[in-house]
Every structure is written in C-alpha cells, then in structure tokens.
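Notes follow once the structure below has been shown.
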Amino acid sequence: MTRIIFVRHGQTLWNQELKYQGHTDISLTDQGIRQADLVAKRLSREKVVAIYSSDLSRAFLTAERIAGQFGLPVASFAQLREFWFGDWEGLTYEQIQKRWPDEAEQFVNSPGHVQIPGGETYTEVQERMEQLVLELVKKHDGQTIIIVSHGAAIRAVLCAALHMPLDYVGAIRQDNTAVNIVEYYGEQAIVTLVNDIHHLNAAE
C-alpha cells in the first residue's frame, strides 16, 4: 500500500480576486505563506519519504515549506499543474460568462465534457495526473509521500479514486492548503480524508 497525502497550495492574489489561474504562475500571498507553514506543522509528524510538487511557484513554495519539516528536497513535475484554463486565465467567472456564455454554463453543469477555449479538458487533467500518481505508487510501495498540487487537479484525482464521473468534480471542495489522503493498493484506491483544513481553523 502507498499512502499519498495530496495538499493544495496556499492562497494567492488571484484566489482572493476569484480569477482563474491555471498555468499562469501566480505566487503566494503573505497569508498563503502562513497557511503553508501551518500545514507544514500539521504534517510534521507524518513519516514521509518524498515530496512532489507542481512546478508552478504557488505549489512549489508550499511544498518547500512542508519539505523543511522533513529535510527533504522537492521534486517538481509539470504533470501536477493546475487545469490549463487557456483563454480564461486571469478572468473571473462573471467575465468568462459574458464572453463564453455556453461554455461557462457547461463548465458549471457538466464540466467533464467542456473543452476550454485555448486550454484543456478535465479528462486530460485527470489522465496526466493519474499517469504520474500511479508511477509514484509503484515507486513508493509501503511508504507515505506528499504531493502538492492545485484545486482542480486534485479534484480530478479524487474523482478517479472514487470512480466518480468528472461531471461531478465540482462536488469536491478544495480550500487552500487542504489535506487529502488516499491509500493506493496497486491501482485500487481508498480515500480516507478530503479537504481537511483544521490546521487553519486552529490558528484562528
């Protein structure tokens, strides 16, 4: 069994402004750094052997704060990036709705079937994430690892683990620095924790 702790990155300015980030490389706010330190402290008692991250700075910086608790390096992979929102990046949902009303409505009601203008589909996100995740499962049999990624990307992985159609991906919440735990027995998965942010609530 391989135990994977999936962590969403800390807060960014575009999170605050409700803008779609995708592959745009937006860094953490001061609050995002504090959140990363809190989740790092929360995970410090785990027996972690490796830490992997998206190569986008908001995830990588979060991973570095976590890695400092273990004295481990962070290995980054583009496969762990956020959903590529193409022409929608840097825009709010309201702005997107005005320019692409049909696609925006479909993205809310049946996101698994939407081709984002200039971007990718949830199926493509899930496939690239799952390919790397299953490679890491084989590499780390009997071990616990951490993967720091992004909200939509993690939701796509959780849908795969739960055998949920991607049209229901929006039913899974992912707050900043949310902790999710999945146990993999080969390609079979058991989800044991979703969107846990008690480390943030305890600090308030």
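Only the coordinates and a few stated rules stand behind these numbers; no lab work does. Here the structure is a predicted model, which is why all the values come from computation and not from measurement. Note that we place each Cβ from the backbone using ideal geometry, even for glycine, and neighbour counts take in every protein chain shown.
Would you please classify the overall shape of segment 98-204 from the alpha carbon gyration tensor, given that a ≥ b ≥ c denote the square roots of the eigenvalues, rounded means a/c under 1.5, and beyond that prolate means a/b larger than b/c while oblate covers the rest? Intermediate values should be presented prior to the final figure.
Working: a/c = 2.29, a/b = 1.39, b/c = 1.65.
In terms of gyration-tensor shape, oblate.
Assuming a ≥ b ≥ c are the square roots of the Cα gyration tensor eigenvalues, decide whether segment 110-151 counts as rounded (a/c under 1.5), prolate (otherwise, with a/b larger than b/c) or oblate. Could you put the intermediate results ahead of the total?
Working: a/c = 3.45, a/b = 2.70, b/c = 1.28.
Note, shape of segment 110-151 comes out prolate.
Just check the chain against the gyration tensor rule for me: Cα atoms, a ≥ b ≥ c as the square roots of the eigenvalues, rounded for a/c under 1.5, and otherwise prolate or oblate depending on whether a/b exceeds b/c. Display every interim value, and only then the final one.
On the way: a/c = 1.88, a/b = 1.32, b/c = 1.42.
Oblate, because a/c is 1.5 or more while a/b does not exceed b/c.
With r as the distance between the Cβ atoms of V49 and E187 and R0 = 25 Å, compute the FRET efficiency 1/(1 + (r/R0)^6) and round to 0.05. Walk me through the numbers on the way to the answer.
On the way: r = 21 Å, r/R0 = 0.83.
Efficiency computed from Cβ-Cβ geometry: 0.75.
In deg cm²/dmol, rounded to 500, what helix-only [θ] at 222 nm does the chain give when every DSSP H run of at least 4 residues adds -39500 (n - 2.57) and the total is split over its residues? Walk me through the intermediate numbers first.
Details: 8 runs with 79 residues, N = 204.
The helix contribution divided over the chain gives -11500 deg cm²/dmol.
Starting from the Cα of K19, draw a straight line to each of the lysines and keep only those under 17 Å, dropping any in the same chain fewer than 8 residues away.
Those lysines meeting the cut-off are K98.
Nearest 10 degrees is fine. How inclined is helix 122-139 to the longest principal axis of the chain, computing both from alpha carbons?
In the chain, helix 122-139 runs at an angle near 10 degrees to the longest axis.
Only Lys, Arg, Asp and Glu count, each charged at its Cβ (+1, +1, -1, -1), so figure out the dipole size of the chain about its Cα centre, rounded to 20 debye.
Values: 18 positive and 26 negative charges, 149 e Å.
Here the chain has a charge dipole of around 720 debye.
Roughly what angle does helix 57-67 make with the longest principal axis of the chain, taking Cα atoms, 0 to 90 degrees, to the nearest 10?
With both axes taken from Cα atoms, the answer is about 20 degrees.
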